[in-house]
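This report concerns only the one structure given below.
The values are calculated or read from the model by the stated rules, or taken from the named source; none is laboratory data. In this text the structure is predicted, and so the values were computed from the model without any measurement. With ideal geometry, Cβ positions are generated from the backbone for all residues, glycine too; neighbour counts draw on all protein chains shown. Surface accessibility is based on the protein's heavy atoms, side chains included, excluding ligands, DNA and RNA. Shrake-Rupley method; radii C 1.70, N 1.55, O 1.52, S 1.80 Å.
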Amino acid sequence: MKILFIVQGEGRGHLTQAISMAQILRKEGHELVGVLVGKSEHRSLPEFFQRRMCVPIETFESPNFLPTSHGHPAGLLKSISYNILHLSRFWKSIRFIHSYIRNSQADLVINFYELLTGFTYALHRPSVPMVCVAHQYIFLHPDYEFPPENPISLFLLRLFTRMTAIGSKRKLALSIRPMKDVAEENMRVVPPLLRDEVFHTEVSAGDYLHGYLLNSGFRAELEQWHQQAGNERLEIFWDQSALRVDKTLRYHALDDQKFLDYLGGCKGYLTTAGFESVCEAVYLGKPIFMVPTHIEQRCNAYDAALHGIGYSADEFNLSGFDTYISRYTPLNSYREWIYQGNAYIASELEFLLQSLYSRDDQAFYATHAMWVK
């Protein structure tokens, strides 16, 4: 079967999920015919993604979180307002997506949380069925527990999530732990999508902290703590060029394999609470320090801390993290759920592809109920 990916290009998570999904599909004999990536003018597409997909990649302009002058993400309301005011720029992208789908000869579109894909299906109704894959679909789950956030912001987050999935035949909600399926949402709860390389990463207890900064504005906070901490070694990845600050602090340009190598050997992981890297750290048994940057990540951090997966804070002041590291015990039950992910999703996709054309939804839910028991 021929499959087309459309990927939201903000951050690292959806990109690595697409890499993982491509690995699964190719093992099952399916063909990836193309990849479309929605990106903003504020970010470039990482080299590792272009290298790993092995098919033509096209980009288009897409709404994303608006950065502030200090490199932090703007609030959800401000970002939405900005994107609405500049909505005319995105009509060209919607027409491009529709044209590409129509000419791709794809049998299935897999959408990784790209908003304009939902708009394309709302406006043009392509005949090719679409499946949506992202962690954010768990926000539509009736049992998901949200942090004490502004109700309007939570409403907008859920609305945005629904809009990405307009016209979809199924939502695959990636979750760090098992939860029941939600038939009325056409939702299946599945383990995280991790690349094969994660399962082959060598794990050791190193003497350094590893980190990923989505937004460069957190650099000042981290370096202020670093100056106070003295000799604490930090190996930080970001979406800019490599930079050595001093003998114990280095910034690395994003590289998928190098990132995993450093993650496997660290004593603790620092993150802005992106879902994908938190799952990788949990699988590798690493303590996690989370500083969420926007409402999605605040939900991720709250959920993770609520279930004993990590330590959440408001800024990159790591005082006390060493104590957390010394008391940390890896959570094997979550690790086992994550380990099932690729095999689970391979089985899920095979049955899903059949059910999309047979329309046997009742059998779809009954057959796979055993996964969440």
*Please go through segment 40-57 and pick out each residue that is modelled with pLDDT under 85, open to solvent by 30 Å² or more (accessible area, probe 1.4 Å) and over 13 Å from L254 (Cα atoms).*
E41, H42
*asked:* Could you tell me how many of the residues in segment 303-340 are in contact with a strand residue (DSSP E or B) (Cβ under 7 Å, 6 or more places away or on another chain) and either part of a helix (DSSP H, G or I) or open to solvent by 30 Å² or more (accessible area, probe 1.4 Å) (or both)?
replied: 7
*Residue count, segment 316-343 (criterion: within 30 Å of I24 (Cα to Cα), in contact with a helix residue (DSSP H, G or I) (Cβ under 6 Å, 6 or more places away or on another chain) and of a type in the set (F, W, Y))*: 1
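When you scan segment 180-269 for strands (runs of 3 or more DSSP E) that lie fully inside it, which ones turn up with 1 or more residues that are open to solvent by 10 Å² or more (accessible area, probe 1.4 Å) and in contact with an Asp or Glu (Cβ under 9 Å, 6 or more places away or on another chain)?
Values: elements: 187-190, 208-213, 233-238, 243-246, 249-253.
Because the criterion is at least 1 residues that are open to solvent by 10 Å² or more (accessible area, probe 1.4 Å) and in contact with an Asp or Glu (Cβ under 9 Å, 6 or more places away or on another chain), the strands (runs of 3 or more DSSP E) in segment 180-269 that meet it are 208-213, 233-238, 243-246, 249-253.
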_Scan of segment 102-143 for residues that are assigned to a helix (DSSP H, G or I), open to solvent by less than 20 Å² (accessible area, probe 1.4 Å) and farther than 18 Å from L36 by Cα, ordered by number_ = H135, Q136, Y137, I138, F139, L140
